[in-house]
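*Asks:* The structure that follows is given in the form of structure tokens.
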Amino acid sequence: MTHPFFSLHTHGFIRAAVACPRVRVADPVFNVARMIEMAREADAKGASLVLFPELGISAYAIDDLLQQEALLAAVDGALGELVEASRALHPILVAGAPLRHRGRLYNCAVAILRGRVLAVTPKIYLPNYREFYEKRHFASGASVAGEEIQVAEQFAPFGSDVLLEASDFPGLAIHTEICEDVWVPIPPSSRAALAGATLLLNLSASNAIVGKSDYRQTLCAAHSARCLAAYLYSAAGQGESTTDLAWDGEAMIYEKGDLLAKAPRFSDEPQLVLADVDIGRLVAERARQVTFGDCADVEAGAVQYRRVEFELNARRDVDIGLMREVPRFPFVPNDEARLVELCFEAFNIQAHGLEQRLRASGMEKVVIGVSGGLDSTQALLVAVTAMDALGLPRANVLAYTLPAFATTDRTRSNAWALMRALDVSAKEIDVSAACKQMLEDIGHPAARGEAVYDVTYENVQAGARTSLLFRLANLHNGIVIGTGDLSELALGWCTYGVGDQMSHYNVNASVPKTLIQHLIRWCARDARFGSRTVSVLKDILATEISPELVPGDTAQRTEAFVGPYALQDFNLFYTTRYGFAPAKVAFLAWHAWRDAQAGVWPSVIAANDRGAYDLAEIKHWLAVFARRFFATSQFKRSALPNGPKVSSGGSLSPRGDWRAPSDSSAEVWLKALDDIP
């Protein structure tokens, strides 16, 4: 037995499997034997549900053999074998079979759990066009509701009105439809999702023709996204009759538009794909997207669903791993092409936001402090782009480097090199004297030469810089561009009322640190801002993140105080985007970060990131995040200036994604850390 923390079931995941077994035309005994083999394999791999293709017990392409008494009797007998075999298996098995009921034949999905036939669902939409003529054999299940059917010597609920609900797994509700049902304008699963179904199953026998696979994938992805659900799809494959058609055995698992698993098509071997579906994520998304509930209200009463309860008996004392990719950098796609596209979009959102602010305000100049660090570099690049787009000279970007007590030669020289390379108006104002005067005025020990480098000492420097920038904006009739990023705002790593928290307009406010690094890399790529910028941008990226406020031989390391930005951006995303509990955030982080080699994509790892964290470190920095985010930093976010939302991961603007009281307690989240071993 293991600690419940390490079980995926504890955190709302269910392992689902989609199987494409070898079939033999019109041979139910053979076909069920293959299903049992694959069900046992899925069970051994920890699956809680196994989906098989349409009419998999008889095979799909058997035409008028469907009207043969001997075959239909053999199907029922084989179903009995499958039910009996299921007694020794954990997962729900969903198999396709032709079944008779009240003198009619139906194309059915049969859900079986440990010796019990949970329900039987008939296909509603029967294709009768081009190569299909299902109405020749089957009756539609559209009007079948509230009935029972006898199958495998049991009576089970029968109809298109059935939802299977787990009594011991919150949020897990299953709906089944068959092939063509999802190709129509309003699939039955749409209404089932609105009624609460989170796991949508499709038993299919979609034949293979050129280009059809792309359409299937688009259909399943879009449908799962619209329904805020997981969609499992199993298409007939190897062994189906090729008299007039061919089959590719396409098996897929989608969750809210994301592909979790997919089998290779046209395989010579039976295919079993597994993935862990996040039921908790789906439930959270539905609660957050209130229009989903509005649509459910509109459709209320369209179908009166029968809710058939079952016990999943998902073990929470066993670690079976996690069959699901957990991106280390949720704000950054782990794909070069998508990353380039995201950088293009994000950068242009920032630049267009600033362009509109300048148009609306009638201002033609911007004032910006340039430190030689990541954030001010990105803001300066955006400002230059906005000026170019507005047809204004780059000299209208009034850039100032403002060295003080701990400014290093490296960052100062990088600031100057970048300002010159971009042809902006560049000046330097050393704020050391102003800071010393203020320290003396308030009687701070540092003014007497004592090495007291406290928060007052640090904030005097930040305040002096900000005061200068705002007065310069007054002098030159411009606006101050903010540089603070989303990660700093989340952690409160910004001084109230100064440039990383306050400005006239902040282009970086909803851009996390892990993304800013890639935006700068994107700008350096292909010398986007001229060849002179490339080397300086690369050196800025290679510079360790530091506030440079305390003098000494050892430079301040921001991440030593607030934690690695890679981890804290991860915590921020899952805490604000989905509202996950700390234990689930830690569980995901542990799977993403525990192995230095697992899923590593070198180009998305920061220069100063070592690539792996153990659970103790994850828990420690999550506690730092919870305390800073929920207890100490909201008052800074409540006073944020305007700035454009950039990422679907959200923003922390009090007018946008995140509205919260400034005086709340973090105790609930800190106490929840006890669930992490």
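The values are calculated or read from the model by the stated rules, or taken from the named source; none is laboratory data. In this text, all values refer to a predicted model and were calculated from it rather than measured experimentally. When we count neighbours, we look across all protein chains shown, and the Cβ atoms used for this are built from the backbone with ideal geometry, even at glycine.
*Asks:* Out of the residues in region 240-276 that are farther than 21 Å from Ala42 by Cβ and of a type in the set (Val, Ile, Thr), state the one that is surrounded by the most Cβ atoms within 10 Å (Cβ to Cβ).
*Replies:* Taking the candidates together, the pick is Thr242.
*Asks:* Tally the residues that are within 25 Å of Lys135 (Cβ to Cβ), in a helix (DSSP H, G or I) and among the polar types (S, T, N, Q), restricting the search to region 59-103.
*Replies:* 1
*Asks:* Condition (residue is out of contact with any Gly (no Cβ under 8 Å at 6 or more places or on another chain), surrounded by 24 or more Cβ atoms within 10 Å (Cβ to Cβ) and more than 15 Å from Ser204 (Cα to Cα)) applied to region 49-66: is it met by at least one residue?
*Replies:* Scanning region 49-66 turns up at least one residue that is out of contact with any Gly (no Cβ under 8 Å at 6 or more places or on another chain), surrounded by 24 or more Cβ atoms within 10 Å (Cβ to Cβ) and more than 15 Å from Ser204 (Cα to Cα).
*Asks:* Just to check your reading of the model, which residue among Pro654, Pro641 is in contact with a helix residue (DSSP H, G or I) (Cβ under 9 Å, 6 or more places away or on another chain) and under 16 Å from Gly484 (Cβ atoms)?
*Replies:* Working: Pro641 fails: in contact with a helix residue (DSSP H, G or I) (Cβ under 9 Å, 6 or more places away or on another chain).
Checking each option against the conditions leaves just Pro654.
*Asks:* Is it the case that region 642-655 has a residue that's outside any loop (DSSP other than H, G, I, E, B) and either surrounded by 15 or more Cβ atoms within 10 Å (Cβ to Cβ) or modelled with pLDDT under 95 (or both)? Steps first, answer last, please.
*Replies:* Step one: list which residues in region 642-655 are outside any loop (DSSP other than H, G, I, E, B), which gives none.
The answer is no; no qualifying residue exists.
*Asks:* Taking interchain pairs and intrachain pairs at least six residues apart, which have beta carbon atoms under 6 angstrom, with the first residue in region 607-630 and closer than 12 Å to Ile676 by Cβ and the second at pLDDT 95 or above and among the β-branched types (Val, Ile, Thr)?
*Replies:* Partner pairs satisfying both residue conditions: Lys619/Ile676.
*Asks:* For region 25-56, name all the residues that are of a type outside the set (A, V, I, L, M, F, W, C) and closer than 14 Å to Gly96 by Cα.
*Replies:* Narrowing region 25-56 to residues of a type outside the set (A, V, I, L, M, F, W, C): 27-28, 31, 34, 37, 40-41, 43, 45-46, 48, 53-54, 56.
Passing the criteria: Asp27, Pro28, Asn31, Arg34, Pro53, Glu54, Gly56.
Each row is one residue, and each column tells you yes or no for (1) among the small types (Gly, Ala, Ser); (2) without any contact (Cβ under 8 Å) to a residue 12 or more places away in the chain; (3) within 18 Å of Pro641 (Cα to Cα); (4) in contact with a Pro (Cβ under 7 Å, 6 or more places away or on another chain).
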residue: Phe329; (1), (2), (3), (4): no, no, no, no
residue: Asn334; (1), (2), (3), (4): no, no, no, yes
residue: Ala351; (1), (2), (3), (4): yes, no, yes, no
residue: Ser361; (1), (2), (3), (4): yes, no, yes, no
residue: Val366; (1), (2), (3), (4): no, no, yes, no
residue: Gly373; (1), (2), (3), (4): yes, no, no, no
residue: Ala386; (1), (2), (3), (4): yes, no, no, no
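*Asks:* Now for a different question. For the list (1) surrounded by 19 or more Cβ atoms within 10 Å (Cβ to Cβ); (2) in a loop (DSSP other than H, G, I, E, B); (3) touching a helix residue (DSSP H, G or I) at 6+ places or on another chain (Cβ under 9 Å), I need the number of the one condition that Gly237 fails.
*Replies:* Unmet for Gly237, out of (1) surrounded by 19 or more Cβ atoms within 10 Å (Cβ to Cβ); (2) in a loop (DSSP other than H, G, I, E, B); (3) touching a helix residue (DSSP H, G or I) at 6+ places or on another chain (Cβ under 9 Å): (3).
*Asks:* Please go through (1) assigned to a loop (DSSP other than H, G, I, E, B); (2) within 38 Å of the chain's Cα centre (by Cα) for Gly443 and return the number of the only condition it doesn't satisfy.
*Replies:* Of everything listed in (1) assigned to a loop (DSSP other than H, G, I, E, B); (2) within 38 Å of the chain's Cα centre (by Cα), Gly443 misses just condition (2).
*Asks:* Could you tell me which residue of region 84-98 is nearest to Val162 (Cα to Cα), considering only residues that are buried (at least 23 other Cβ atoms within 10 Å of the Cβ) and of a type in the set (A, V, I, L, M)?
*Replies:* The selected residue is Val94.
*Asks:* Pull out all pairs, ordered by first then second residue, where Cβ-Cβ is under 9 Å, the residues are six or more apart or on different chains, the first lies in region 277-289 and is in contact (Cβ under 8 Å) with a residue 12 or more places away in the chain and farther than 21 Å from Glu325 by Cβ, and the second is of a type outside the set (A, V, I, L, M, F, W, C) and assigned to a helix (DSSP H, G or I).
*Replies:* Cβ pairs passing all conditions: Arg286/Gly293.
*Asks:* Ok, one more. For Ala473, all conditions in the list (1) assigned to a loop (DSSP other than H, G, I, E, B); (2) under 28 Å from Thr385 (Cβ atoms) hold save one; what is the number of the exception?
*Replies:* Here Ala473 clears every test but (1).
*Asks:* Within region 119-144, restricting attention to residues that are under 35 Å from the mean Cα position of the chain (by Cα) and crowded, with 22+ Cβ neighbours inside 10 Å, which residue is nearest to Lys212 (Cα to Cα)?
*Replies:* Lys123
*Asks:* Given the conditions (1) modelled with pLDDT under 95; (2) surrounded by 19 or more Cβ atoms within 10 Å (Cβ to Cβ), and given that Ala197 satisfies all but one, which numbered condition is not satisfied?
*Replies:* (1) is the only condition that Ala197 fails.
*Asks:* If Tyr305 satisfies every condition in (1) surrounded by 13 or more Cβ atoms within 10 Å (Cβ to Cβ); (2) over 21 Å from Leu228 (Cβ atoms); (3) in contact with a strand residue (DSSP E or B) (Cβ under 8 Å, 6 or more places away or on another chain) but one, which is the exception?
*Replies:* All conditions are met except number (2).
*Asks:* Which one of the conditions (1) free of Cβ contacts under 8 Å to residues at least 40 places away in the same chain; (2) surrounded by 23 or more Cβ atoms within 10 Å (Cβ to Cβ) does Asn31 fail to meet, given that it meets all the rest?
*Replies:* The number of the failed condition is (1).
*Asks:* Tell me which of these Val431 doesn't satisfy, since it passes every other one: (1) buried (at least 20 other Cβ atoms within 10 Å of the Cβ); (2) under 27 Å from His352 (Cβ atoms).
*Replies:* Val431 satisfies every listed condition except (2).
*Asks:* Looking at (1) at pLDDT 95 or above; (2) crowded, with 19+ Cβ neighbours inside 10 Å; (3) farther than 23 Å from Gly650 by Cβ; (4) polar (S, T, N, Q), which is the only condition Asn474 fails?
*Replies:* Here Asn474 meets the rest and fails (2).
*Asks:* Being under 24 Å from Arg15 (Cβ atoms) and either without any contact (Cβ under 8 Å) to a residue 40 or more places away in the chain or not small (Gly, Ala, Ser) (or both) is true for just one of Leu245, Leu194, Leu259. Which residue is that?
*Replies:* On the way: Leu245 fails: under 24 Å from Arg15 (Cβ atoms); Leu194 fails: under 24 Å from Arg15 (Cβ atoms).
So the residue among Leu245, Leu194, Leu259 that is under 24 Å from Arg15 (Cβ atoms) and either without any contact (Cβ under 8 Å) to a residue 40 or more places away in the chain or not small (Gly, Ala, Ser) (or both) is Leu259.
*Asks:* While we're here: I'm trying to understand the selection: among the residues of region 447-504, which are aromatic (Phe, Trp, Tyr) and within 16 Å of Ser638 (Cβ to Cβ)? Talk me through it step by step, then tell me what you get.
*Replies:* If we filter region 447-504 for residues that are aromatic (Phe, Trp, Tyr), which is where we start, we get 453, 457, 470, 493, 496.
Scanning region 447-504 gives a single hit, Tyr496.
*Asks:* Oh, and also: Is region 27-50 home to any residue that is in a strand (DSSP E or B) and either outside the structural domain of Val117 (by TED's automatic domain parsing) or within 29 Å of Pro170 (Cα to Cα) (or both)? Before you say what the answer is, go through the steps one by one.
*Replies:* Of region 27-50, the ones in a strand (DSSP E or B) are 49-50.
Subsequent filtering for residues that are either outside the structural domain of Val117 (by TED's automatic domain parsing) or within 29 Å of Pro170 (Cα to Cα) (or both) retains 49-50.
Within region 27-50 (the criterion being in a strand (DSSP E or B) and either outside the structural domain of Val117 (by TED's automatic domain parsing) or within 29 Å of Pro170 (Cα to Cα) (or both)), the answer is yes, since at least one residue qualifies.
*Asks:* Another question, then. Which condition number in (1) at pLDDT below 95; (2) crowded, with 16+ Cβ neighbours inside 10 Å; (3) over 29 Å from Glu544 (Cα atoms) is the one that Asp317 fails?
*Replies:* Here Asp317 meets the rest and fails (2).
*Asks:* Something else: Look through region 491-518, keep the residues that are assigned to a helix (DSSP H, G or I) and of a type in the set (Val, Ile, Thr), and return whichever of them is farthest from Val646 (Cα to Cα).
*Replies:* Let us first name the residues in region 491-518 that are assigned to a helix (DSSP H, G or I), namely 491, 513-518.
Going one step further and asking which of them are of a type in the set (Val, Ile, Thr), we end up with 514, 516.
On the way: Thr514: 13, Ile516: 11 Å.
Within region 491-518, the match that is farthest from Val646 (Cα to Cα) is Thr514.
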